[in-house]
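Each remark here refers to the structure printed beneath this line.
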């Protein structure tokens, strides 16, 4: 029997799937693949429905109003304006990006182009470990070790010197939690993402692009600067965007370090809040359905932003690692 | 032959070359310093907080130094300096923050408080939730991975891959919000199940993509050999292709486990935390990352020490799994 | 030969031993490259001919853990002696690769200009003049003069290979090395490149690696034959014979050359 089956022509396409339960198996795997789509839809639908009350009340002005006051008093009605959280999210991520992007790209260059082969695997592994450390541990180290040091060694000297002329660096610094220190810790956290993706897209650059420059008498750096980096520019931008996405959505380190204040202060050394930190600290004990709805609205906005960032970033990375259209081998 | 003649600018270029290459080395060193500092602090400070009780006991309210007496009814230490502001909130089992607790009399010396107890409840909770999440995620992730790798690549597959990227890129607090609205509010209770399902959102994409990638490495000859024997495709996939790729799938599962075990934000909104040991997934549970967070926010320096100890255990778990994965995959690659 | 217009440069290779890590890839090579000639390096695959070629402008050492010992002289300067910068060597000894390579992110014009800019040339008119000159010398000018700002990838494979040659001659090296320049091209493009090589011989000294014996016979003045010795733990390449192309192909001195030429090995 076995011989007969082995020599009979192999059925193909749909006909083949119908045999011996193959159709059933295909439907089964399809079902689980659909579950993944279902999960994404669930995130969208749940945050969209949950925020209905706040969206109806505030619309898009939610994002620009700067008064977040969930507590009802005799004098004030509660009000929910997300601008303090949006502003804190954007500023802390901006600080993180300014620090982490050049550093991360430089690490990626070192790992891909300059590092001795012996060290490459070890250093690559080290960078990946940095990415594996849970964010709550970054937060713990940030709160207990880094932020006191940062306040004494960097924030205070800056605030008492040039901070007297530049309002956004002004002191006096009362607590060691604030925007700046959060930004620095976020930078450390997104560094591995940017470094690893930069390394990967640089390694996808075909060697002949380097050889040509070398044969023209380039230095190692000129090879990188004139050939390798331009070739992989889109992918590197994609990596930086993925890092930005991680910084925007990072919750625990931000919650622990930023000081959770919904007042808008000009100085980056003062406490602030981020969207993720606000949701994490207020949603478990919200005061009213509107409060809860406003927090879910914030989560929806956060999801929307990171969704767009991810979409763009994955496209750029994919485009680079795929190689240029029409290029030969 | 003089090769120097037409290269007057070479000294400057050579200098730029060296400076920029040096900068990349500096950047790499800059990234490694915090890694060593963080691991070092957790190992040293956290290691110092460890003892046998730490692994065998659950949460116990802190007591003032020298005072072993605790009111058995409330769990509060019967020490006058602590009454009021050092009080323990009976609902959450957490110390009430003195600044919000309304006692404006005398500020007690918080450093005179000794923490006791351990994180057994956290270890048990983390293992229960993460393993439950893994059990839900594995079938979804592996079957979806098979779908992506073994069937023709269509735009639909690209869309599923994109969905995976969206899920793994989604902020974990958003996943927490989904768990909170979908499960906690509808069941009117925080529970381990809610936490496990929230973690599933984050673990499924990792497992699906690793499975897909590892299945694609299985040579086509393996599939054809099995199907040439007359086996239907599903049988060949499950008995030949998947076992060939098993070590890679296990790797993906372990990495997903490590990621899930370290997540805090989704758990904050779904399992709430529990001061007591619980083995029920339908009750609020404790988890190591959550305990780390709660202990560091505590006003008692002694409990801050516990945060480092908890972080130590958490890091051992997460980095241990990562190291294990690296070492075994390196060994497999070597053959 | 107008020595003043086109200075004559020769190369002398003595005891050259290329290594990959600790493994010696080719037994010590002695080779002479005479001014204004085309020297062909031929042999079966794996015989180390490309490796030897890459040693001639110190490209070999850009591969991790690879290095070379021995002496390679350009005229009277040993390019392997201490204190000589490999980067400067490569300005004088250019190289064209197997794959036609356009720098992906640059226009046709910039593909040529990049090497000139490295040398510190920034004057726009001078750059224009030199780019045109290089493209004319590579028989490419008429085909691309109207689309200099287009991507180099818009060109065909044969055109890209001539673009690579133009890029190399733009910086006016003394010697140009070709690593199987036609193996990725169709027969018509191959003929155009061969024609171009014969023209370039008037001005440069050329070394070409080829797996195509007919090509070596058609265009080279002298030929060096490499073989693989497989008796040992790891195969090692060696130079078996060097001589005028006519002599190599009509009456080879070495039995192995004869077998290779007649198609019995390789």
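Readers should treat all values here as calculations from the given coordinates under stated rules, not as data from a laboratory. The shown structure was predicted, so the numbers you read here are calculated from the model rather than taken from an experiment. Heads up, the Cβs are rebuilt from the backbone with ideal geometry, glycines too, and the neighbour counts pull from every protein chain shown.
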The stretch B:120-334: C-alpha gyration tensor shape, a/c 1.5 cut-off, then a/b vs b/c = prolate
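I need to check one value: relative contact order of the stretch A:190-283, counting alpha carbon pairs closer than 8 Å and at least 6 residues apart, in percent. If you can, show how the numbers build up before the last one.
Details: 79 pairs, mean separation 25.3, N = 94.
Relative contact order of the stretch A:190-283: 27 percent.
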Between residue C:63 and residue B:14, how many nm apart are label points set 7 Å from Cα along the C-beta direction?
-> 2.7 nm
Simple spin-label model, 7 Å along Cα-to-Cβ: residue B:51 to residue C:28 in nm?
-> 7.4 nm
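Please report the orientation-averaged projected area of chain C, defined via the convex hull of its C-alpha atoms, in nm². Mind dumping the intermediate values first?
On the way: hull surface 59.8 nm².
Approximately 14.9 nm², given one-decimal rounding.
Which percent, to the nearest 5, of DSSP beta bridges fully inside chain C are antiparallel?
Numbers: 25 of 43 bridges.
Beta bridges within chain C, antiparallel portion: roughly 60 percent.
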The stretch C:243-262 and the stretch C:36-78: distance between their alpha carbon centers, rounded to Å = 22 Å
Förster radius 51 Å - calculated FRET efficiency between residue A:52 and residue C:149, Cβ distance, rounded to 0.05 | 0.40
Length-normalised contact order for the stretch A:10-135 - Cα pairs under 8 Å, 6+ apart - percent | 11 percent
Neighbour-count ranking [beta-carbon atoms within 10 angstrom, fewest first] of A:145, B:242 | A:145, B:242
Nearest-5 percent of antiparallel DSSP beta bridges in the protein assembly as shown?
-> 65 percent
Unit Cα scatterers, Debye sum, the stretch B:226-303: log10 I(q)/I(0) for q = 0.14, 0.23, 0.26 Å⁻¹ = -0.66, -1.04, -1.16
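So, R0 is 60 Å and r is the distance between the beta-carbons of residue A:308 and residue C:251; what FRET efficiency does that work out to, to 0.05? Don't skip to the answer; put the middle values down first.
Working: r = 74 Å, r/R0 = 1.23.
According to the calculation, E is roughly 0.20.
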Taking the alpha-carbon centre of each part, the distance from the stretch C:143-189 to the stretch B:174-237 in Å is 50 Å
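What shape does chain A take by its C-alpha gyration tensor, where a ≥ b ≥ c are the square roots of the eigenvalues and a/c under 1.5 counts as rounded, a/b above b/c as prolate, and the rest as oblate?
oblate
How big is the Rg/Rh ratio for the protein assembly as shown, C-alpha atoms only, Rh by Kirkwood, two decimals?
Numbers: Rg = 34.1 Å, Rh = 32.1 Å.
My calculation puts Rg/Rh at 1.06.
Where a ≥ b ≥ c are the square roots of the eigenvalues of the C-alpha gyration tensor, would you call the stretch A:250-309 rounded, which needs a/c under 1.5, or, failing that, prolate if a/b is larger than b/c, or oblate? It would help to have the intermediate numbers written out before the result.
Numbers: a/c = 1.85, a/b = 1.22, b/c = 1.52.
Oblate.
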Extend 7 Å from the Cα of residue C:20 along its Cα-to-C-beta direction; within the stretch C:54-78, residues with backbone N under 19 Å of that point are C:54-69
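Which order results if B:237, A:126 are arranged by neighbouring Cβ count within 10 Å, fewest first?
Numbers: B:237 23, A:126 17.
Final ranking by Cβ density, sparse to dense: A:126, B:237.
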How far apart, in nm, are the 7 Å Cα→Cβ label points at residue C:117 and residue B:158?
-> 3.3 nm
Find how many whole Å separate the alpha carbon centroid of the stretch A:108-143 from the alpha carbon centroid of the stretch A:287-313.
-> 30 Å
Quick one: order A:257, A:244, B:135 by neighbouring beta-carbon count within 10 Å, fewest to most.
-> B:135, A:244, A:257
Among C:246, C:233, C:110, which one shows the biggest mean-square fluctuation in a GNM of chain C, springs joining Cα atoms closer than 10 Å?
-> C:233
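I'd like the FRET efficiency for residue C:212 and residue C:12, computed as 1/(1 + (r/R0)^6) with the beta carbon distance as r and R0 of 25 Å, rounded to 0.05.
Numbers: r = 27 Å, r/R0 = 1.07.
Result of the calculation: an efficiency of 0.40.
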Looking only at C:84, C:165, C:108, which one moves most when chain C is put into a Gaussian network model with springs between Cα atoms under 10 Å?
-> C:84
Build a GNM of chain A with springs between Cα atoms under 10 Å: which of A:68, A:149, A:83 gets the top mean-square fluctuation?
-> A:149
